[in-house]
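What follows is a set of notes on a single structure, which appears directly below.
The values are calculated or read from the model by the stated rules, or taken from the named source; none is laboratory data. Note that the structure is a prediction, hence the values are computed from the model and not measured. Glycine gets a Cβ as well: all are built from the backbone with ideal geometry, and neighbour counts include every protein chain shown.
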Amino acid sequence: MLDVQLSELLGDAPAGVGEALDLVAGFDGALTHGLARIGEEPAAALAALAGALAGSPIGERVAEAVEKVTAGSVADEHLAALAGARAALFGAVHDALLTRLDTALGRTRAPWPPASNPAGDSADGPATADGSAGGSSNEAAGGGAGVPDNLLAGCRVWLRELAIVGWRGVDHDLVSAADQTIEALLAVPELRGLAVLLDGLAAELRASSPVATMDRLPARRWADLWTRAMLLSQHGPWHAGGPGAERAAGAGGPGGAELVSGRLLILGADVHEHATVVRVQIHAVLEPAGGGPARLVRASMAAAKVDTIVGPTVWKLLRDQPVLLSALAQHRSVEITDMRLLPGGDLVWENHRARAAEESDPFATARVQLAAATPPPVTPLDRHPVRIAEPVLVEGYKCDGQSVDLGGNKLPLDLDRLPSCGPLTPALLKASTACIGLVRWDGGQWSLQPLAVQASVKKQPVAAHNGDWALGPTDPKVAKAEAKNGDVVAVLRERAGRLLRK
């Protein structure tokens, strides 16, 4: 029973997690105040970081970096080593937590293919610009040899300046210094993922500038973004696959992906929406053609946007993905043929290799298939606790609107992640008795992010899914409001086309 499994999950954190997070907090404190002048407390924090990694493969490089930075020499290679050290600590925490979760759920995760990891075991990573960690479509390829050196160097220059002055020293001039680099990165498909990451960090810093006047800083989040950007600004395989290829770090190039065919049974859609981008990550069970164990996989679609496009309108930005949109809205399975699957469990989505098939109830899929499906290994760059997002089915619970109670074990609901482009609401969650969701870990605790629920409303059974409005809102009131506002996407595209023609 899931309530018994959760009782195992919701106990104390695995041994060493608290100590590792304390080391990270010490580094983040040093980064907050800047590395230009290392005081006594930041110096002790950096020394503790080096000591914790002394026996690791990067121990010598981290020790040298700490020695140089403490002495006032802040070079790119030193910052890269410190970023790798911070990422390695979070990678260890991630592994301990994910092992606890897999054990509690009785899941046996596929191992990461050793030959497909040219980036090394220390290349795990933090959240991306959307807090989720970024990444979008996931095309793998191999060594990033064609990436312009000057663009990566430009990234490192800005990241180095941030580290030297610290978050407290950030002002509008320093934030604006990244604009030209970000614009140049966006023009290179292999670097577009890095560009979006830097753009997200710059946008947050710009909105907070001058940072010195802020009472409280999101120090860990900004350090997460800085760390990942610093790692991705090094040459590596994550640059060779086009937009979002950082998610494929360690995939070993085209040979790292396998061709898969079969039936895709959708569990739910995780929507990440921000001022300049929307991304929908679909969690599904793949039944391989010709038999074989079912596998948990993901498929993603993303689009750039402006901050005036919100709510159900964002689905119109994704109309170039008709198969996925119809599968979400109509609750259909998808037949895929010879589609690439990366080692980390992400499908490289190609419309012409997919077709919507028969109707498929996500709750039926979850009840029958989810427990036995094999979860994928985690891409090295994605080994960070906030990247844990494992699909589960919970049912027979009581909900107070803030958490679900399973036999005395309370699991908090992550209400902040409810998207505005779907029908799920806190009121509907409170009336629910079954939920397909993602188990996450953040802020020192586990939580459940709802993707779909079954509930009783006015004594009538209802089901609601995040992707129900992928082809347009089904709620009459919402549909009427959207019709009244007109087609915002079409208007903006027409205006953009007019500007380009001038």
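A few notes on this one:
- Pick from region 432-447, criterion surrounded by 17 or more Cβ atoms within 10 Å (Cβ to Cβ) and without any contact (Cβ under 8 Å) to a residue 40 or more places away in the chain, ranking: farthest from Asp270 (Cα to Cα): Ser432
- All conditions but one from (1) part of a loop (DSSP other than H, G, I, E, B); (2) buried (at least 16 other Cβ atoms within 10 Å of the Cβ) apply to Ser420; the one that does not is (2).
- Region 330-380, residues that are free of Cβ contacts under 8 Å to residues at least 12 places away in the same chain and not acidic (Asp, Glu): His352, Ala364, Val368
- Single match in Thr213, Thr227 (criterion: among the β-branched types (Val, Ile, Thr) and closer than 18 Å to Leu79 by Cβ): Thr227
- Residues located in region 156-182, provided they are under 15 Å from Ala83 (Cβ atoms) and aromatic (Phe, Trp, Tyr): Trp158
- Count of region 27-44 residues which are buried (at least 20 other Cβ atoms within 10 Å of the Cβ) and more than 15 Å from His78 (Cα to Cα): 2
- Gly408 being surrounded by fewer than 21 Cβ atoms within 10 Å (Cβ to Cβ) and touching a strand residue (DSSP E or B) at 6+ places or on another chain (Cβ under 8 Å): no
- Elements of the type strands (runs of 3 or more DSSP E) sitting completely within region 286-397 and holding at least 2 residues that are outside the structural domain of Ala13 (by TED's automatic domain parsing) and in contact with a Ser or Thr (Cβ under 8 Å, 6 or more places away or on another chain): these cover 295-304, 332-341, 354-359.
- Only residues that are surrounded by 21 or more Cβ atoms within 10 Å (Cβ to Cβ) and either of a type in the set (A, V, I, L, M) or in the same structural domain as Ala30 (by TED's automatic domain parsing) (or both) were counted in region 206-228, giving 2.
- Verdict on Ala92 being surrounded by fewer than 16 Cβ atoms within 10 Å (Cβ to Cβ), part of a helix (DSSP H, G or I) and modelled with pLDDT of 95 or more: no
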